[in-house]
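The values are calculated or read from the model by the stated rules, or taken from the named source; none is laboratory data. Owing to the predicted nature of the structure, the values given are computational and were not obtained by experimental measurement. So basically every Cβ, Gly included, is an ideal-geometry build from the backbone, and we count neighbours across all protein chains shown. Note: areas computed on protein heavy atoms with side chains; ligands, DNA, RNA excluded. Shrake-Rupley method; radii C 1.70, N 1.55, O 1.52, S 1.80 Å.
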Amino acid sequence: MAMNLGHQIGTLSGKQIPTEFAAGEQPSSATASPSAVWKSPAGNLRSNSPQENASPPMLTPPLTPNSAGEWSYLINLPMLRPDLSVACQAFATSSPLEMTVKDEKKGVSVFVMMPLDSVTNGNTVNRKKAMNASLHALKSAGMEGIMIDVWWGLVEREAPGAYNWGGYTELLDMAKKHGLKVQAVMSFHQCGSNVGDSCTIPLPKWVREEMEKDSDLAYTDQWGRRNYEYVSLGCDSLLVLKGRSPVQCYADFMRAFKDNFKHLLGDTIVEIQVGMGPAGELRYPSYPEENGMWKFPGIGAFQCYDKYMLSSLKAAAEAAGKPEWGSTGPTDAGHYNSWPEDTPFFKKDGGGWNSQYDEFFLSWYSQTLIEHGERILSSASSVFEATGVKISVKVAGIHWHYGSRSHAAELTAGYYNTRFRDGYLPMAQMVARYGAVFNFTCIEMRDHEQPQDALCAPENLVRQVGLATKEAQVPLAGENALPRYDKSAHEQILKASSLNIDGSSNDREMFAFTYLRMNPSLFLPDNWRRFVAFVKKMNEGKDSRRCWEQVEREAEHFVNVTEPFVQEAALALMP
């Protein structure tokens, strides 16, 4: 006898899901975890979780898309049936027993980055219907949680100390309702100047006003061009922002966030990633894409020519007994789009990067960056002490020219990493001093996929960072640098996340992985099926004996039975 849809899902999850209800009768509150979908029918596990009575999000029939093409198959989708609605609710919640088992096993939790413009300029949730449907789809597929940029330029936009948490209050409540954990990024940088930036969110109005009065508050290159993505670290401790220092502003912002969302800290909000530079990364803005200034794989340019950075350089040179070294940074290091061998400073043989002066300069340049990170990390650790959240720091994956002797692109960004020096170990040690997490990008990349003439080596770079974090005894988390939906990228992430890098890391895996980014393409049928299988493999951990093919077959079945609300999410996200 043929089984109806509710019966099929009930069998998959090990639960009996009713398919018809008498007038006024409510669906059963029995729930099943996303992981249950993947297993053969087991015992009838039931949950008394407080979430089990929460109503699933309102799912309406997908609308006809605005344009023809790949979305045409969504036209005339039938109305969502009650049995599927109940099944969606069942997928969204884990029983205590299942959660206990998950917590005890190895595996890497997967988070998904939300769109950069998840909160609007009017401090409301952007595309609320899309957000609700998308969060439901993510939870159903076994995602641990989401990452949200909390923009300084939105929350404290109008005046110092005037915080408007509007859209974030609603967005975080939505995450809690769906049972998703949150990585909250304290985004103290401008959005709109880097790879993947899909919107523009400037620094707060009053900060820009101060930068207009004193342009040396902005990072500056040797040609006098200013970068307004992030306040120069040269003035970290100076009272240049209407009576407060930049670091005080960051600490006050984080304190206000803690006070406003203390009821969610440690439960829904499990991680605070602290922005420390452009794109939120601990680096200098050496390769800005704005106005076409830099293009991959240019080496970038040093950013130490504002008066505050030059003052610091002068003091360091005098302390080293070489006052003549303190007047300026290198002037022979080429331009943003130069290649190492085109410059006297970075060329392989006889390059200045290996001279006594330049060793002094690069040590100062990188150490100043690390001290900047330490100041902000110290503030964050103090603010969020005893709240139950982890603090994390994001470091850029600058993999181009990694195979060159000088590692030019890393040097201009502040990472003093050459063939003769490990530039990532000092950063890892700094992060370790505060019990924080070291978050690294470009986890999805393979060496052979990159331009060979630029000596790109992302796999070797990830390996080096893995070894540095192991030596420093600091947890390593990862992100992909570019949107990828293919199995090859998923396999590379799985390989990297296992941290099998030196033959003695059997008990070590990545702390977590955050996927860039939620958008309509993620929910296309083939992309979503592959992604669901990838998440399951990550959750199972590196000791899993199950092959890709088996997981993909199960993913296919899962995607089929949950197709309507995934389509709802995809359509709602379309512009």
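Using C-alpha positions alone, give me the convex hull volume of the range 442-575 per residue in cubic angstrom.
Here the figure is 124 Å³ per residue.
Taking the simple approach of a point 7 Å from Cα along Cα-to-Cβ for both N291 and R225, what is their distance in nm?
It works out to 0.7 nm between the two label points.
Pop a pseudo-label 7 angstrom from the Cα along the beta-carbon direction at both S215 and N560 and give the gap in nm to one decimal.
It is 6.4 nm.
Kindly provide the GluC sites (Glu not before Pro) of the range 155-220 that DSSP labels as loop, not H, G, I, E or B, and whose Cβ sees at most 13 other Cβ atoms within 10 Å.
Within the range 155-220, the qualifying GluC sites (Glu not before Pro) (loop, at most 13 other Cβ atoms within 10 Å) are E158.
At R0 = 30 Å, how high is the FRET efficiency between N123 and D486 if r is their beta carbon distance? Nearest 0.05 is fine.
Calculated transfer efficiency: 0.20.
Would you mind working out the accessible area per residue for the range 260-368, using a 1.4 Å probe, and quoting it in Å²?
Per-residue value: 40 Å².
At what distance in nm do the modelled label points of K322 and T169 sit from each other, each positioned 7 Å from its Cα along Cα→Cβ?
About 5.6 nm separates the two model spin labels.
Give me a comma-separated list of calculated 3J(HN,Hα) values for the range 407-413, in order, Karplus coefficients 6.51, -1.76, 1.60 applied at θ = phi - 60°, integers in Hz, x for any Gly or Pro.
Result, ordered by residue: 6, 4, 5, 6, 5, 5, 7 Hz.
Per 10 Å bin, what is the whole-percent P(r) computed from every C-alpha pair distance within the range 247-312?
Final binned percentages: 16, 32, 26, 20, 6.
Report, ordered by chain and residue number, the lysines lying within cross-link reach of K537, taken as a straight Cα distance under 22 Å and ignoring same-chain residues fewer than 8 apart.
Partners within reach: K39, K102, K105, K106, K139, K181, K487, K495.
Going by Cα centres, the range 127-153 and the range 337-384 are how many Å apart?
36
Restricting attention to the range 282-352, which trypsin sites (Lys or Arg not before Pro) occupy a DSSP loop and are surrounded by at most 13 other Cβ atoms within 10 Å?
Those satisfying the criteria are K295, K348.
Accessible area of the range 494-567 with a 1.4 Å probe: how many percent of it is carbon plus sulfur?
That fraction is 46 percent.
Over the Cα atoms of the range 192-252, what Rg and Dmax result, in angstrom?
When restricted to the Cα atoms of the range 192-252, Rg and Dmax are 12.2, 34 Å.
Ignoring ligands, DNA and RNA, what percent of the accessible area of the range 338-391 is carbon or sulfur (1.4 Å)?
Its accessible area is 44 percent carbon and sulfur atoms.
Among the aspartates and glutamates, select those whose C-alpha is under 17 Å from the C-alpha of K176, and discard any that sit fewer than 8 residues away in the same chain.
E52, E144, D149, D267, E271
Which percent of Cα pairs goes in each bin when the distances of the range 451-509 are cut into 5 angstrom slices starting at zero?
Distribution as computed: 4, 15, 27, 23, 17, 10, 3, 0 percent.
Report the gain in length on full extension from E341 to W548: 0.36 nm times residue separation, minus Cα-Cα distance, nm rounded to one decimal.
Values: separation 207, 0.36 × 207 = 74.52 nm, distance 4.36 nm.
Difference between extended and current length: 70.2 nm.
How would you order 296-303, 457-464, 331-338 from highest to lowest mean count of nearby Cβ atoms within 10 Å?
Ranked from most to least packed, the peptides come out as 296-303, 457-464, 331-338.
In nm², what is the average projected area of the convex hull enclosing the Cα atoms of the range 145-282?
8.6
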